[in-house]
1. Out of curiosity, is L91 crowded, with 17+ Cβ neighbours inside 10 Å and either over 13 Å from the mean Cα position of the chain (by Cα) or not β-branched (V, I, T) (or both)?
2. Run V92 past the list (1) in contact with a helix residue (DSSP H, G or I) (Cβ under 7 Å, 6 or more places away or on another chain); (2) among the aliphatic types (A, V, I, L, M); (3) free of Cβ contacts under 8 Å to residues at least 24 places away in the same chain and report the number of the one that doesn't hold.
3. Given (1) in contact with an Asp or Glu (Cβ under 6 Å, 6 or more places away or on another chain); (2) crowded, with 16+ Cβ neighbours inside 10 Å, where does T70 come up short, assuming only one miss?
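Since every read-out is calculated from the coordinates, none of them should be taken as a lab result. It should be emphasised that the depicted structure is a prediction, and the values quoted were computed from it without experimental measurement. Quick reminder, even Gly has a Cβ in these numbers, built from the backbone with ideal geometry, and neighbours come from all protein chains shown.
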Amino acid sequence: MNGSVKELWGARNRCLVEACSRRMRRGSAKDALEGLKWKDRIDDWSRVEVVIRHRGAPRDRKSIAGERITSLGASFFEVDGETQVPYHRILVVAYRGDVVYERAGSSENIS
């Protein structure tokens, strides 16, 4: 997880979440990823970070670097061409350190 997203989760930096919320996309996590791909037409996916719920990982969260995303499907995205991650597991999508999607309640109870 890069420092920017980690800071957004810090209790003392809640104001950053509010500041970034003006730039957040409305809709689903899938909408956010498709918006980056098709609307914004970004070509440097290394600046994208996706935080997912991953049971067994520290705090049940795992960060996936954007360049590892190989395709966007109807109900999942593919990582490294082999792992399918359902969109409902996405907690945060960030681009260049700015949160473009945050699942409601995903920052609660995080220290």
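1. Considered against the rule, which asks whether it is crowded, with 17+ Cβ neighbours inside 10 Å and either over 13 Å from the mean Cα position of the chain (by Cα) or not β-branched (V, I, T) (or both), L91 comes out as yes.
2. (3)
3. The single condition T70 does not satisfy is (2).
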